[in-house]
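Read the figures in this text as sums done on the coordinates, not as results from a lab. Computed from a prediction, not measured in an experiment: that's the story for all the values here. Reconstructed Cβ throughout: ideal geometry from the backbone, glycine too, with neighbour counts over all protein chains shown.
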Amino acid sequence: MKGTPSQEALRVFHFQSYLQIISHFVEINQDERGYRSRLAEAAGVQSSFLTKILSGAAQPTVEQGFGLSRFWNLHPLEEEYFLTLLQIERASEINYKSHLQTKLAELRRISAENFRWKDPSSDLENHERQALYYSSWLYGAIHFLLTIPKYQSVENLAVRLNMSLPQIRTILEDLKSADLAERVQNHWRAKTKNLHLSKTSPFASVYHSQWRQKAIEDLSAKDYENIHYTTLYTMSVSDHNQLKQMILDFIQKTRDVVISSPEEELYCFTCDFFKP
């Protein structure tokens, strides 16, 4: 199962420079006839000057960058992030550049808290449905497995999860009653695929705990093909912030990969980085 970014999905926060963002949009639209000309027009520059920008030989003004952001129809947070990157590149005064770097870090923090990888209409808004879905890791596991064709039968689900047929049927019926799955002849399919659990939800800690417990169980199974890594660091606060951003960037990149990946098997990815 993969999420589909909503209109509020933030696409640019894993880029480290304004030029990377411009180049990204040029690259993904390279097959669109006349795209560069329209991009130059949106920035209010000649196509030749846009070529210089892309090569790094020239920098756009903030006003020209604003024209580009409006052409791409960026989310307001994306637009602010892009323009701040541009201002950092253009700034020459050290204190002002430091101020902009602080602003950039805050924008990244806000984006991390507000990134919604979901269809808003599919949110589990009903408290009872949430309580059911997050009462056991099995509901989420079976729900996601139903997106994989080979696991859309009761028998194959039972084998995959080492459970009895009655247990599988009970959970499938619960998912059906919550409008999260449907039965089609002799097979089951996930109905609502994209869910979002707010970090402030009372079920958030339960959900995190369930899958971390599964990670502990996997450690006992000694499957050395899987990855489990734990370490302690002592470092500066500034390096902590840098490492935190690297982790957030990596999480974003995993989403980019999953978006275009066919559903073949279920995997779990957990990540923790905190001050004990």
Largest first and rounded to whole Å, the semi-axes √(5λ) derived from the alpha carbon gyration tensor of the range 157-201 read 22, 15, 9
Per-residue Cβ contact counts at 10 Å, fewest first, order Y81, Y133, Y267 as Y267, Y133, Y81
Kirkwood-based Rg/Rh on the Cα set of the range 204-259 evaluates to 1.05
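For the chain, how big is Rg over Rh, using alpha carbon atoms and the Kirkwood form of Rh? Don't skip to the end; give the middle numbers.
Details: Rg = 22.9 Å, Rh = 22.0 Å.
Using Cα coordinates only, the ratio equals 1.04.
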Here the tail fraction of P(r) beyond 19 Å, over all Cα-Cα pairs of the range 120-190, rounds in percent to 26 percent
What helix-only [θ] at 222 nm does the chain give? Using -39500 (n - 2.57) per DSSP H run of at least 4, over all residues, to the nearest 500, the answer is -17500 deg cm²/dmol
Among the Cα-Cα pairs of the range 124-264, the proportion with separation greater than 24 Å, in percent, is 46 percent
